[in-house]
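Each remark here refers to the structure printed beneath this line.
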């Protein structure tokens, strides 16, 4: 075997193919180890791609690893380098149909999805679309399902409509509910974060005099989190349902919801779509898939209760007074994520400032920021657990009211009074990179509605 690497001093005159291959692999490993020691991830990625073409997936699998990789920069660089690859893709795409692990398969998919469609032969593009459509439907791992959907959207293909269900399946870690929300299973665990006092978090500062507080935060129960923020279309279905249900006698929940929304009526939809009015009809249709904004904390939790009822579950929020809500711990429905659940899911096992590493130059590939308006959900790459837009696009309401310490997230009575403040996370489309970090936190009055803030939901399964 003649090794294609000029640097790899392989002996083409080896006694047989097996010894030649072994010598080449040994030399290849030495090159890879040298690049790793120097943290030359660009070279590591190029070597890993060449190794894939030679039938060796070990190096690429190591770079794409998600579990036990607090700094995911190797995976990020591999995806970027593969996205600029101009060679024959056939030796690479075969791994999408093989038995390789979900971390490698999804890494390859995200790299391929970064390639310009114009750079791919039509036959190869059609084959990739077929593969992605099948994986979108059949993949048991959320990260593979999410990557497949992302590629289809990048290629302007319509994702297959999946049959919505009320409860998750046992053979996969994601499911699609009746409102076509993809819910991703987040296993219990813990994460370590270094937090700053709230006033510091709001200021762009790198002062060495500020001491961060190191905390280990536990998430004791698994849960399902929507893979993106609630959309205009989903919230519009809720609003219209509430308007109709107001006429139904003996439905106090719907009455509360409809009265809350009636005065605002089409304002939510018009406000969310206003930035799309100058675009063509295709883009206007996309507007139904952008995150709904201008929703208060109470708007969000009433939506959660409606969603619970739509799925035959028990609403998580109980109104116990004029302006007080209580969390029902026995409920098996939908609710807002706690602060700990949100950051745990956002980080996806990472400890770096961003979910892709510490270098903000990669942020625009993973988040919508410094833009004029929000983008349709899932436009940027997903994180390591298959979740989109955890950074950027729109800020997201949390369950808790504001306090300086959000380590222990108790499900207590939440007074929905204007003088109290709620917590929201993640950054928005018009923010800088500083506010799109995994630890970024802001607060606002519970009754305030902003055009940069929406929410996503948690599902609590009765079978968990």
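Using the structure shown, decide if residue 169 is modelled with pLDDT under 90 and in contact with a strand residue (DSSP E or B) (Cβ under 9 Å, 6 or more places away or on another chain).
Working: modelled with pLDDT under 90: yes; in contact with a strand residue (DSSP E or B) (Cβ under 9 Å, 6 or more places away or on another chain): yes.
Here the answer is yes, as residue 169 does meet what is asked.
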Just to be sure I understand, how many residues within segment 93-116 are closer than 16 Å to residue 147 by Cα and in a helix (DSSP H, G or I)? 16
Restricting the search to segment 267-301, which residues are in contact with a helix residue (DSSP H, G or I) (Cβ under 6 Å, 6 or more places away or on another chain) and modelled with pLDDT under 90? 269, 272, 273, 276, 283, 284, 287, 288, 294
Between a residue in segment 421-436 that is over 10 Å from residue 370 (Cα atoms) and any residue that is in a helix (DSSP H, G or I), which pairs come within a Cβ distance under 6 Å, given they are 6 or more apart or on different chains? 422/297; 423/339; 425/342; 427/435; 427/436
Considering only residues that are part of a helix (DSSP H, G or I) and buried (at least 19 other Cβ atoms within 10 Å of the Cβ), look in segment 117-139 and name the one that is nearest to the chain's Cα centre (by Cα). 136
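Scanning for something modelled with pLDDT of 80 or more and not in a strand (DSSP E or B), does segment 412-420 turn up at least one residue? Working first, answer last.
Looking only at segment 412-420, we keep the residues that are modelled with pLDDT of 80 or more, and these are none.
No, there is no match, as no residue in segment 412-420 is modelled with pLDDT of 80 or more and not in a strand (DSSP E or B).
The values are calculated or read from the model by the stated rules, or taken from the named source; none is laboratory data. Everything quoted here is computed from the prediction, not taken from an experiment. Every residue, glycine among them, receives a Cβ derived from its backbone with ideal geometry; neighbour counts consider all protein chains shown.
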